[in-house]
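I have placed the structure first, in the form of C-alpha coordinates, so that the comments after it can refer back to it.
The values are calculated or read from the model by the stated rules, or taken from the named source; none is laboratory data. Fair warning: this is a prediction, and the values are worked out from it, not measured in the lab. Note: ideal-geometry Cβ built from the backbone for every residue, glycine included; neighbour counts use all protein chains shown. With ligands, DNA and RNA removed, areas are computed over all heavy atoms of the protein, side chains included. Shrake-Rupley method; radii C 1.70, N 1.55, O 1.52, S 1.80 Å.
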Amino acid sequence: MRGRLFRNMASLGLLQVANYLIPLLLIPFVTGVLGNELFGRVSYAQNIITYLTLLVNYGFEYSATRQISIAATLGDNDRLPEMRRIFWSVMRAKGWLLLISFLILACLPLIVPRVEADFRLYLYTALINVGFVLFPTWFLQGIQQMHKMALVNFLIKLIGAVLVLALLREAAQYRIYPLLLSVSSIVMGIGALVYIIRHYKLMPPAGDRQSVRRELKEGMPIFLNNLFVALYTTANMTILGIYADDAAVGHYSGALRLITAVNMCVIMPVSTALFPEMSRRFAENRQAGWQFFRRTLLLAAVPALGASVLTWLLATPLVHLMLHGDFEASIPLLRWMAPIPLLVMVATLFTVQGLYGSGLQRFAPWVGMTLAVLCVSLNIILIPRVGTIGAVWSWLIAEAAEILIVGSILLFHRKKTCST
(Lines give C-alpha, C1' and ligand atoms only; values in the text may rest on other atoms or scores of the structure.)
Protein backbone atom coordinates (compact mmCIF):
# COMPACT_ATOMS: atom_id res chain seq x y z
CA MET A 1 0.00 0.00 0.00
CA ARG A 2 2.73 2.44 0.96
CA GLY A 3 4.74 1.55 -2.17
CA ARG A 4 1.75 2.26 -4.41
CA LEU A 5 1.16 5.60 -2.68
CA PHE A 6 4.73 6.76 -3.19
CA ARG A 7 4.76 5.51 -6.81
CA ASN A 8 1.62 7.55 -7.42
CA MET A 9 3.16 10.63 -5.81
CA ALA A 10 6.43 10.22 -7.72
CA SER A 11 4.87 9.69 -11.15
CA LEU A 12 2.29 12.41 -10.56
CA GLY A 13 4.94 14.78 -9.25
CA LEU A 14 7.14 14.39 -12.33
CA LEU A 15 4.22 14.80 -14.71
CA GLN A 16 2.75 17.72 -12.78
CA VAL A 17 6.05 19.56 -12.97
CA ALA A 18 5.85 19.25 -16.75
CA ASN A 19 2.14 20.00 -16.65
CA TYR A 20 2.66 23.36 -14.95
CA LEU A 21 6.05 24.04 -16.48
CA ILE A 22 4.45 24.38 -19.93
CA PRO A 23 2.11 27.28 -19.11
CA LEU A 24 4.86 28.85 -16.99
CA LEU A 25 7.26 28.78 -19.94
CA LEU A 26 4.49 30.20 -22.13
CA ILE A 27 4.17 33.33 -19.95
CA PRO A 28 7.26 35.13 -21.38
CA PHE A 29 5.89 34.73 -24.90
CA VAL A 30 2.36 35.80 -23.98
CA THR A 31 3.46 38.81 -21.92
CA GLY A 32 5.87 39.80 -24.67
CA VAL A 33 3.11 39.77 -27.31
CA LEU A 34 0.26 41.21 -25.24
CA GLY A 35 2.11 43.61 -22.97
CA ASN A 36 1.26 44.34 -19.36
CA GLU A 37 -2.18 45.94 -19.81
CA LEU A 38 -3.71 43.37 -22.18
CA PHE A 39 -2.18 40.58 -20.11
CA GLY A 40 -3.96 42.12 -17.12
CA ARG A 41 -7.23 42.29 -19.08
CA VAL A 42 -7.06 38.62 -20.08
CA SER A 43 -6.02 37.61 -16.56
CA TYR A 44 -9.00 39.46 -15.10
CA ALA A 45 -11.33 37.59 -17.47
CA GLN A 46 -9.79 34.29 -16.35
CA ASN A 47 -10.26 35.43 -12.77
CA ILE A 48 -13.99 36.06 -13.26
CA ILE A 49 -14.51 32.76 -15.10
CA THR A 50 -12.86 30.96 -12.17
CA TYR A 51 -16.10 31.41 -10.22
CA LEU A 52 -18.04 29.62 -12.97
CA THR A 53 -15.40 26.88 -12.98
CA LEU A 54 -15.99 26.42 -9.25
CA LEU A 55 -19.69 25.94 -9.96
CA VAL A 56 -19.02 23.38 -12.70
CA ASN A 57 -16.49 21.41 -10.65
CA TYR A 58 -18.77 21.69 -7.61
CA GLY A 59 -17.23 19.55 -4.86
CA PHE A 60 -16.85 16.45 -7.01
CA GLU A 61 -13.06 16.54 -7.14
CA TYR A 62 -13.19 15.40 -3.51
CA SER A 63 -16.68 14.00 -2.80
CA ALA A 64 -16.83 11.86 -5.97
CA THR A 65 -13.16 10.91 -5.65
CA ARG A 66 -13.83 9.65 -2.14
CA GLN A 67 -16.86 7.63 -3.27
CA ILE A 68 -15.00 6.09 -6.22
CA SER A 69 -12.02 5.16 -4.04
CA ILE A 70 -14.37 3.37 -1.60
CA ALA A 71 -16.41 1.73 -4.40
CA ALA A 72 -13.18 0.35 -5.89
CA THR A 73 -12.73 -1.81 -2.76
CA LEU A 74 -16.13 -3.55 -3.12
CA GLY A 75 -16.55 -7.13 -4.27
CA ASP A 76 -16.63 -8.08 -7.93
CA ASN A 77 -20.43 -8.15 -8.12
CA ASP A 78 -20.91 -4.72 -6.59
CA ARG A 79 -17.86 -2.76 -7.73
CA LEU A 80 -18.68 -2.07 -11.40
CA PRO A 81 -22.40 -1.22 -10.96
CA GLU A 82 -21.61 1.18 -8.10
CA MET A 83 -18.76 2.86 -9.99
CA ARG A 84 -20.99 3.18 -13.06
CA ARG A 85 -23.77 4.75 -10.99
CA ILE A 86 -21.42 7.27 -9.38
CA PHE A 87 -19.72 8.10 -12.68
CA TRP A 88 -22.85 8.92 -14.64
CA SER A 89 -24.63 10.63 -11.76
CA VAL A 90 -21.69 13.01 -11.42
CA MET A 91 -21.41 13.54 -15.19
CA ARG A 92 -25.12 14.38 -15.46
CA ALA A 93 -24.89 16.75 -12.51
CA LYS A 94 -21.85 18.49 -14.05
CA GLY A 95 -23.74 18.85 -17.34
CA TRP A 96 -26.57 20.71 -15.62
CA LEU A 97 -24.09 22.87 -13.71
CA LEU A 98 -22.33 23.74 -16.98
CA LEU A 99 -25.64 24.92 -18.46
CA ILE A 100 -26.30 27.07 -15.39
CA SER A 101 -22.79 28.55 -15.64
CA PHE A 102 -23.42 29.77 -19.20
CA LEU A 103 -26.76 31.25 -18.18
CA ILE A 104 -24.96 33.18 -15.43
CA LEU A 105 -22.34 34.31 -17.95
CA ALA A 106 -25.08 35.61 -20.23
CA CYS A 107 -26.38 37.77 -17.37
CA LEU A 108 -23.00 39.15 -16.26
CA PRO A 109 -22.87 42.04 -18.79
CA LEU A 110 -25.90 43.52 -17.05
CA ILE A 111 -24.03 43.91 -13.74
CA VAL A 112 -20.27 43.88 -14.54
CA PRO A 113 -19.08 46.72 -16.83
CA ARG A 114 -15.81 44.94 -17.70
CA VAL A 115 -17.75 41.93 -19.03
CA GLU A 116 -20.10 44.12 -21.06
CA ALA A 117 -17.15 45.94 -22.62
CA ASP A 118 -15.55 42.71 -23.91
CA PHE A 119 -18.06 39.88 -23.70
CA ARG A 120 -16.37 37.81 -26.41
CA LEU A 121 -13.20 37.57 -24.29
CA TYR A 122 -15.18 36.21 -21.34
CA LEU A 123 -17.10 33.76 -23.54
CA TYR A 124 -13.91 32.35 -25.07
CA THR A 125 -12.41 32.01 -21.61
CA ALA A 126 -15.52 30.27 -20.21
CA LEU A 127 -15.43 27.57 -22.92
CA ILE A 128 -12.64 25.87 -20.98
CA ASN A 129 -15.31 24.69 -18.53
CA VAL A 130 -16.67 22.40 -21.26
CA GLY A 131 -13.32 20.58 -21.19
CA PHE A 132 -13.40 20.39 -17.39
CA VAL A 133 -16.78 18.68 -17.55
CA LEU A 134 -15.72 16.20 -20.24
CA PHE A 135 -12.49 15.09 -18.54
CA PRO A 136 -13.36 13.23 -15.29
CA THR A 137 -10.17 13.76 -13.32
CA TRP A 138 -12.03 12.79 -10.16
CA PHE A 139 -12.62 9.25 -11.50
CA LEU A 140 -8.97 8.57 -12.34
CA GLN A 141 -7.95 10.07 -9.01
CA GLY A 142 -10.41 7.83 -7.17
CA ILE A 143 -9.06 4.62 -8.74
CA GLN A 144 -5.51 5.93 -8.15
CA GLN A 145 -4.57 6.08 -11.84
CA MET A 146 -2.66 9.29 -11.23
CA HIS A 147 -0.28 8.88 -14.14
CA LYS A 148 -3.15 8.77 -16.64
CA MET A 149 -4.77 11.86 -15.16
CA ALA A 150 -1.50 13.79 -15.18
CA LEU A 151 -0.67 12.62 -18.72
CA VAL A 152 -3.94 13.97 -20.13
CA ASN A 153 -3.44 17.26 -18.27
CA PHE A 154 0.06 17.42 -19.74
CA LEU A 155 -1.26 16.88 -23.28
CA ILE A 156 -3.95 19.54 -22.79
CA LYS A 157 -1.34 22.08 -21.75
CA LEU A 158 1.07 21.01 -24.51
CA ILE A 159 -1.52 21.29 -27.29
CA GLY A 160 -2.73 24.64 -25.95
CA ALA A 161 0.84 25.96 -25.79
CA VAL A 162 1.63 24.84 -29.34
CA LEU A 163 -1.52 26.51 -30.65
CA VAL A 164 -0.73 29.75 -28.80
CA LEU A 165 2.86 29.81 -30.08
CA ALA A 166 1.69 29.14 -33.63
CA LEU A 167 -1.30 31.49 -33.83
CA LEU A 168 -0.81 34.37 -31.36
CA ARG A 169 1.10 36.98 -33.34
CA GLU A 170 0.05 40.46 -32.19
CA ALA A 171 -1.58 42.21 -29.24
CA ALA A 172 -4.84 42.72 -31.15
CA GLN A 173 -5.33 38.92 -31.03
CA TYR A 174 -5.46 38.83 -27.23
CA ARG A 175 -8.85 37.08 -27.27
CA ILE A 176 -7.35 34.14 -29.16
CA TYR A 177 -5.11 33.27 -26.21
CA PRO A 178 -7.88 31.97 -23.86
CA LEU A 179 -9.83 30.55 -26.82
CA LEU A 180 -6.94 28.29 -27.86
CA LEU A 181 -6.54 27.06 -24.29
CA SER A 182 -10.26 26.26 -24.21
CA VAL A 183 -10.14 24.40 -27.54
CA SER A 184 -7.27 22.17 -26.40
CA SER A 185 -9.12 21.38 -23.18
CA ILE A 186 -12.31 20.42 -25.04
CA VAL A 187 -10.53 18.24 -27.62
CA MET A 188 -8.55 16.29 -25.03
CA GLY A 189 -11.61 16.09 -22.77
CA ILE A 190 -13.58 14.33 -25.49
CA GLY A 191 -10.77 11.86 -26.11
CA ALA A 192 -10.27 11.14 -22.40
CA LEU A 193 -13.99 10.63 -21.79
CA VAL A 194 -14.32 8.13 -24.66
CA TYR A 195 -11.26 6.22 -23.45
CA ILE A 196 -12.44 6.05 -19.83
CA ILE A 197 -15.94 4.87 -20.76
CA ARG A 198 -14.61 2.11 -23.01
CA HIS A 199 -11.60 1.02 -20.96
CA TYR A 200 -13.43 0.83 -17.63
CA LYS A 201 -16.74 -0.44 -19.10
CA LEU A 202 -18.72 2.53 -17.83
CA MET A 203 -21.63 2.41 -20.24
CA PRO A 204 -24.44 4.68 -18.99
CA PRO A 205 -27.17 3.06 -16.85
CA ALA A 206 -30.76 4.23 -16.85
CA GLY A 207 -31.23 7.81 -15.67
CA ASP A 208 -31.61 8.14 -11.92
CA ARG A 209 -32.59 11.61 -10.68
CA GLN A 210 -32.32 10.53 -7.07
CA SER A 211 -28.71 9.48 -7.60
CA VAL A 212 -27.89 12.84 -9.20
CA ARG A 213 -29.46 14.66 -6.25
CA ARG A 214 -27.49 12.46 -3.87
CA GLU A 215 -24.20 13.41 -5.56
CA LEU A 216 -25.12 17.09 -5.43
CA LYS A 217 -25.98 16.80 -1.76
CA GLU A 218 -22.74 14.92 -1.03
CA GLY A 219 -20.64 17.55 -2.76
CA MET A 220 -22.50 20.59 -1.40
CA PRO A 221 -20.35 21.17 1.74
CA ILE A 222 -17.16 20.95 -0.29
CA PHE A 223 -18.58 23.21 -3.02
CA LEU A 224 -19.51 25.83 -0.46
CA ASN A 225 -16.07 25.62 1.08
CA ASN A 226 -14.43 25.89 -2.37
CA LEU A 227 -16.58 28.94 -3.07
CA PHE A 228 -15.57 30.54 0.20
CA VAL A 229 -11.93 29.61 -0.44
CA ALA A 230 -12.18 31.36 -3.81
CA LEU A 231 -13.34 34.47 -2.03
CA TYR A 232 -10.07 34.64 -0.10
CA THR A 233 -7.83 33.63 -3.03
CA THR A 234 -9.53 34.66 -6.27
CA ALA A 235 -11.49 37.62 -4.91
CA ASN A 236 -8.23 39.47 -4.30
CA MET A 237 -7.86 40.12 -8.02
CA THR A 238 -11.61 40.59 -8.47
CA ILE A 239 -11.66 43.41 -5.92
CA LEU A 240 -8.34 44.77 -7.19
CA GLY A 241 -9.91 45.15 -10.64
CA ILE A 242 -12.62 47.36 -9.16
CA TYR A 243 -10.11 49.87 -7.75
CA ALA A 244 -7.15 49.52 -10.15
CA ASP A 245 -6.52 49.64 -13.90
CA ASP A 246 -5.39 46.83 -16.23
CA ALA A 247 -1.71 47.66 -15.63
CA ALA A 248 -1.95 47.12 -11.85
CA VAL A 249 -3.96 43.95 -12.41
CA GLY A 250 -1.24 42.83 -14.84
CA HIS A 251 1.50 43.35 -12.23
CA TYR A 252 -0.44 41.38 -9.62
CA SER A 253 -1.36 38.67 -12.13
CA GLY A 254 2.28 38.26 -13.20
CA ALA A 255 3.44 37.61 -9.64
CA LEU A 256 0.37 35.42 -9.03
CA ARG A 257 1.14 33.24 -12.07
CA LEU A 258 4.64 32.59 -10.80
CA ILE A 259 3.62 31.72 -7.23
CA THR A 260 0.74 29.58 -8.53
CA ALA A 261 3.16 27.57 -10.66
CA VAL A 262 5.30 26.99 -7.56
CA ASN A 263 2.23 25.94 -5.58
CA MET A 264 1.05 23.52 -8.22
CA CYS A 265 4.44 21.87 -8.69
CA VAL A 266 4.98 21.42 -4.94
CA ILE A 267 1.47 21.01 -3.51
CA MET A 268 -0.73 19.43 -6.17
CA PRO A 269 1.19 16.12 -6.53
CA VAL A 270 1.13 15.55 -2.77
CA SER A 271 -2.50 16.52 -2.22
CA THR A 272 -3.89 14.71 -5.28
CA ALA A 273 -2.04 11.45 -4.71
CA LEU A 274 -2.59 11.44 -0.96
CA PHE A 275 -6.34 12.09 -0.74
CA PRO A 276 -7.71 8.64 -1.76
CA GLU A 277 -5.23 6.88 0.54
CA MET A 278 -6.01 9.26 3.40
CA SER A 279 -9.76 8.64 2.96
CA ARG A 280 -9.18 4.90 3.10
CA ARG A 281 -6.99 5.08 6.21
CA PHE A 282 -9.60 7.10 8.12
CA ALA A 283 -12.40 4.78 6.94
CA GLU A 284 -10.55 1.67 8.15
CA ASN A 285 -9.24 2.97 11.47
CA ARG A 286 -9.60 6.57 12.62
CA GLN A 287 -6.74 6.45 15.12
CA ALA A 288 -4.37 4.99 12.51
CA GLY A 289 -5.66 7.64 10.09
CA TRP A 290 -4.63 10.42 12.47
CA GLN A 291 -1.16 8.91 12.82
CA PHE A 292 -0.78 8.68 9.04
CA PHE A 293 -1.98 12.30 8.72
CA ARG A 294 0.61 13.56 11.22
CA ARG A 295 3.46 11.77 9.45
CA THR A 296 2.54 13.08 6.02
CA LEU A 297 2.10 16.62 7.36
CA LEU A 298 5.67 16.75 8.61
CA LEU A 299 7.00 15.18 5.42
CA ALA A 300 5.11 17.53 3.06
CA ALA A 301 6.06 20.75 4.89
CA VAL A 302 9.77 20.39 4.04
CA PRO A 303 9.61 20.87 0.23
CA ALA A 304 7.01 23.63 0.69
CA LEU A 305 9.36 25.53 3.03
CA GLY A 306 12.18 25.14 0.53
CA ALA A 307 9.96 26.48 -2.26
CA SER A 308 9.05 29.54 -0.17
CA VAL A 309 12.68 30.34 0.63
CA LEU A 310 13.78 29.97 -3.00
CA THR A 311 10.91 32.15 -4.21
CA TRP A 312 11.97 34.98 -1.91
CA LEU A 313 15.66 34.69 -2.86
CA LEU A 314 15.05 34.43 -6.61
CA ALA A 315 12.16 36.88 -7.00
CA THR A 316 14.06 39.39 -9.16
CA PRO A 317 15.60 36.94 -11.66
CA LEU A 318 12.31 35.02 -11.85
CA VAL A 319 10.35 38.13 -12.84
CA HIS A 320 12.99 39.26 -15.34
CA LEU A 321 13.16 35.78 -16.86
CA MET A 322 9.48 34.92 -16.97
CA LEU A 323 7.66 38.24 -17.44
CA HIS A 324 8.59 40.30 -20.49
CA GLY A 325 7.66 43.97 -20.56
CA ASP A 326 6.91 46.42 -17.78
CA PHE A 327 6.68 44.01 -14.82
CA GLU A 328 9.20 45.52 -12.38
CA ALA A 329 6.36 46.19 -9.93
CA SER A 330 5.75 42.41 -9.78
CA ILE A 331 9.08 41.83 -7.95
CA PRO A 332 8.07 43.15 -4.48
CA LEU A 333 4.67 41.49 -4.89
CA LEU A 334 6.33 38.12 -5.54
CA ARG A 335 8.57 38.55 -2.48
CA TRP A 336 5.53 39.20 -0.31
CA MET A 337 3.92 36.08 -1.82
CA ALA A 338 6.95 33.90 -0.98
CA PRO A 339 5.43 32.40 2.23
CA ILE A 340 2.36 31.26 0.27
CA PRO A 341 3.68 27.78 -0.79
CA LEU A 342 4.34 26.82 2.83
CA LEU A 343 1.08 28.29 4.13
CA VAL A 344 -0.99 26.75 1.33
CA MET A 345 0.64 23.32 1.75
CA VAL A 346 -0.18 23.21 5.47
CA ALA A 347 -3.66 24.69 4.96
CA THR A 348 -4.40 22.22 2.14
CA LEU A 349 -3.29 19.25 4.20
CA PHE A 350 -5.36 20.42 7.17
CA THR A 351 -8.51 21.06 5.13
CA VAL A 352 -8.38 18.49 2.32
CA GLN A 353 -6.58 15.59 3.96
CA GLY A 354 -7.71 16.33 7.52
CA LEU A 355 -11.33 17.55 7.29
CA TYR A 356 -12.35 15.85 4.03
CA GLY A 357 -10.33 12.66 4.49
CA SER A 358 -11.65 12.08 8.02
CA GLY A 359 -15.25 12.80 7.01
CA LEU A 360 -15.43 16.13 8.86
CA GLN A 361 -16.37 18.12 5.74
CA ARG A 362 -19.47 19.48 7.53
CA PHE A 363 -17.16 22.02 9.18
CA ALA A 364 -15.66 23.16 5.88
CA PRO A 365 -18.37 25.65 4.83
CA TRP A 366 -18.26 27.39 8.22
CA VAL A 367 -14.49 27.65 8.10
CA GLY A 368 -14.61 28.88 4.51
CA MET A 369 -17.33 31.42 5.25
CA THR A 370 -15.33 32.85 8.17
CA LEU A 371 -12.19 33.15 6.08
CA ALA A 372 -14.08 34.61 3.10
CA VAL A 373 -15.62 37.35 5.22
CA LEU A 374 -12.21 38.08 6.75
CA CYS A 375 -10.34 38.22 3.44
CA VAL A 376 -12.95 40.17 1.46
CA SER A 377 -13.17 42.70 4.29
CA LEU A 378 -9.38 43.04 4.37
CA ASN A 379 -9.24 43.54 0.60
CA ILE A 380 -11.92 46.23 0.68
CA ILE A 381 -10.09 47.99 3.51
CA LEU A 382 -6.47 47.58 2.36
CA ILE A 383 -6.52 47.87 -1.45
CA PRO A 384 -7.88 51.46 -1.55
CA ARG A 385 -5.30 52.47 1.08
CA VAL A 386 -2.09 50.65 0.15
CA GLY A 387 -2.82 49.50 -3.39
CA THR A 388 -1.95 46.15 -4.94
CA ILE A 389 0.12 44.98 -1.96
CA GLY A 390 -3.08 44.98 0.10
CA ALA A 391 -4.37 42.04 -1.94
CA VAL A 392 -1.25 40.05 -1.03
CA TRP A 393 -1.48 40.92 2.67
CA SER A 394 -5.11 39.83 2.73
CA TRP A 395 -4.18 36.47 1.19
CA LEU A 396 -1.37 35.85 3.69
CA ILE A 397 -3.59 36.64 6.68
CA ALA A 398 -6.40 34.40 5.37
CA GLU A 399 -4.07 31.41 4.85
CA ALA A 400 -2.64 31.79 8.37
CA ALA A 401 -6.17 32.04 9.78
CA GLU A 402 -7.20 28.85 7.95
CA ILE A 403 -4.32 26.95 9.52
CA LEU A 404 -5.23 28.15 13.01
CA ILE A 405 -8.96 27.46 12.69
CA VAL A 406 -8.80 24.07 10.95
CA GLY A 407 -5.87 22.97 13.09
CA SER A 408 -7.95 23.67 16.22
CA ILE A 409 -10.86 21.61 14.85
CA LEU A 410 -8.60 18.69 13.96
CA LEU A 411 -6.86 18.77 17.34
CA PHE A 412 -10.21 18.69 19.15
CA HIS A 413 -11.55 15.74 17.11
CA ARG A 414 -8.28 13.84 17.32
CA LYS A 415 -8.39 14.01 21.11
CA LYS A 416 -12.06 13.00 21.03
CA THR A 417 -11.35 10.04 18.72
CA CYS A 418 -8.37 8.78 20.68
CA SER A 419 -10.25 8.98 24.01
CA THR A 420 -13.17 6.82 22.83
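Taking Cα atoms only, the orientation of helix 246-266 departs from the longest principal axis of the chain by about 30 degrees. Residue ranges 189-195, 144-150, 85-91, 51-57 sort as 85-91, 144-150, 51-57, 189-195 when ordered by packing (mean number of other C-beta atoms within 10 Å per residue, highest first).
Axis angle, to the nearest 10 degrees, between helix 389-418 and the longest C-alpha principal axis of the chain: 10 degrees. The residues of the chain present an accessible area of 43 Å² per residue when probed at 1.4 Å with all protein chains retained. With all protein chains in place and a 1.4 Å probe, the accessible surface of the chain carries 69 percent carbon and sulfur. The angle between the Cα long axis of helix 176-199 and the longest principal axis of the Cα atoms of the chain comes to about 10 degrees, rounded to the nearest 10.
Distance between the 7 Å Cα→Cβ label points at Phe29 and Leu167: 1.3 nm. Dipole of the chain computed with +1 at Lys/Arg Cβ and -1 at Asp/Glu Cβ about the Cα centre; of Ile380, His199, Gly40, farthest Cα towards the positive end is His199.
Give the distance, in whole Å, between the Cα centre of region 26-50 and the Cα centre of region 323-400. Between the Cα centre of region 26-50 and that of region 323-400, the gap is 21 Å. Computed from the alpha carbon atoms alone, the convex hull of region 44-150 holds 87 Å³ per residue. For the pair Met203 and Ile104, the difference between a 0.36 nm per residue extended length and the Cα-Cα distance amounts to 32.5 nm.
Computed with a 1.4 Å probe over protein heavy atoms only, the accessible area of Lys94 comes to about 10 Å². Model label sites at Ile389 and Val187, defined 7 Å from Cα along the beta-carbon direction, differ in position by 4.5 nm. Taking packing as the residue-averaged number of other Cβ atoms within 10 angstrom, the listed peptides 124-130, 368-374 run from highest to lowest as 124-130, 368-374.
The count of lysine pairs in the chain that are at least 8 places apart or cross chains, and whose C-alpha atoms lie under 28 Å apart, stands at 9. Relative to one another, the C-alpha centroids of region 85-114 and region 221-248 are positioned 19 Å apart. Fully extending the segment from Leu298 to Leu411, taken as 0.36 nm per residue of separation minus the present Cα-Cα distance, adds 39.1 nm.
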